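K.L.:
Below you'll find the structure I mean.
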Amino acid sequence: MQNLMASLWRGGIQPLVVKALKLKPRGGLADDVLRLNRVSGQLQLEWRAREVHPWDRDLPPGCQAELFLEQTLRDTDAAILNLFQTLPEIEQIAILVLDTRDSTKVILGGVVTREDALATDGSTSLRLRLRMLGIQYSRIVDGQLEPLSNHSRPVLAVA
């Protein structure tokens, strides 16, 4: 599994698919191979959000919750763009972001398509841009970040 992940990060998925399609040639045929026409895929990711910066840990809980949510939104926005730029074969990414301390608490999630992610412009606010991409995120109630209600593992569309 580690070799697979290392290959994905080095050269994308396409070299692995091309290698898997290399079949033994049939007798006497020099160029008897399956020719790859297109590769696309769907990715499901789940990660834990980063903690509030140590400098901000003395702030009131409501302020910490707001800073935590903003950092998580910025991190997710950057990760989405990086993933689509790094893995050109990926057409959809299902994302779940879990609370730092409680891995059962989903604080952000959704399914983002390449087309939508690459079409957004930087002039839209971060929160609106993520909502337009299909990302739902927690809200702050009484100084605490609420988990997303009724949010389970995203289901990718089958093309």
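K.L.:
How many residues does the stretch 11-39 contain that are in a loop (DSSP other than H, G, I, E, B), out of contact with any helix residue (DSSP H, G or I) (no Cβ under 9 Å at 6 or more places or on another chain) and open to solvent by less than 60 Å² (accessible area, probe 1.4 Å)?
P.N.:
Residues flagged as in a loop (DSSP other than H, G, I, E, B), out of contact with any helix residue (DSSP H, G or I) (no Cβ under 9 Å at 6 or more places or on another chain) and open to solvent by less than 60 Å² (accessible area, probe 1.4 Å) within the stretch 11-39 amount to 2.
K.L.:
Here is a further query. Checking Leu59 against (1) outside any loop (DSSP other than H, G, I, E, B); (2) open to solvent by less than 70 Å² (accessible area, probe 1.4 Å): exactly one of these is not met. Which one?
P.N.:
It is condition (1) that Leu59 fails.
K.L.:
From the set of residues in the stretch 93-112 that are out of contact with any Lys or Arg (no Cβ under 8 Å at 6 or more places or on another chain) and assigned to a loop (DSSP other than H, G, I, E, B), which is most open to solvent (accessible area, probe 1.4 Å)?
P.N.:
The qualifying residue most open to solvent (accessible area, probe 1.4 Å) is Arg101.
K.L.:
Show the residue pairs meeting these rules: Cβ distance below 9 Å; 6+ apart or different chains; first residue within the stretch 115-135 and free of Cβ contacts under 8 Å to residues at least 24 places away in the same chain and among the hydroxyl-bearing types (Ser, Thr, Tyr); second residue in a helix (DSSP H, G or I) and open to solvent by 80 Å² or more (accessible area, probe 1.4 Å).
P.N.:
Here the result reads Thr120/Met132; Thr124/Met132, each pair linking the stretch 115-135 to a residue that is in a helix (DSSP H, G or I) and open to solvent by 80 Å² or more (accessible area, probe 1.4 Å).
K.L.:
Now for a separate question. Which one is modelled with the lowest pLDDT among residues in the stretch 131-148 that are open to solvent by less than 40 Å² (accessible area, probe 1.4 Å) and part of a loop (DSSP other than H, G, I, E, B)?
P.N.:
Looking at residues that are open to solvent by less than 40 Å² (accessible area, probe 1.4 Å) and part of a loop (DSSP other than H, G, I, E, B), I get Gly143.
K.L.:
Would you point out which residue out of Leu128, Leu118, Leu69 is more than 30 Å from Leu16 (Cα to Cα), part of a helix (DSSP H, G or I) and open to solvent by 30 Å² or more (accessible area, probe 1.4 Å)?
P.N.:
Result: Leu128 is the single residue among Leu128, Leu118, Leu69 that is more than 30 Å from Leu16 (Cα to Cα), part of a helix (DSSP H, G or I) and open to solvent by 30 Å² or more (accessible area, probe 1.4 Å).
K.L.:
Does the stretch 40-52 hold any residues that are modelled with pLDDT of 90 or more and either open to solvent by 20 Å² or more (accessible area, probe 1.4 Å) or of a type in the set (Lys, Arg) (or both), and which are they?
P.N.:
Gln44, Leu45, Glu46, Trp47, Arg48, Arg50, Glu51, Val52 - these are the residues of the stretch 40-52 that are modelled with pLDDT of 90 or more and either open to solvent by 20 Å² or more (accessible area, probe 1.4 Å) or of a type in the set (Lys, Arg) (or both).
K.L.:
Next question. From the residues in the stretch 41-56 that are hydrophobic (A, V, I, L, M, F, W, C) and in a loop (DSSP other than H, G, I, E, B), which one is nearest to Ile95 (Cα to Cα)?
P.N.:
This residue is Ala49.
K.L.:
Could you please find all residues in the stretch 75-127 being out of contact with any strand residue (DSSP E or B) (no Cβ under 6 Å at 6 or more places or on another chain) and small (Gly, Ala, Ser)?
P.N.:
Ala78, Ala79, Ser103, Ala117, Ala119, Gly122, Ser123, Ser125
The values are calculated or read from the model by the stated rules, or taken from the named source; none is laboratory data. Note that this is a predicted model, so its numbers are computed, not measured. FYI the Cβ positions are ideal-geometry reconstructions off the backbone, even for glycines, and counts take in every protein chain you see. The accessibility values were calculated without ligands, DNA or RNA, using every heavy atom of the protein model including side chains. Shrake-Rupley method; radii C 1.70, N 1.55, O 1.52, S 1.80 Å.
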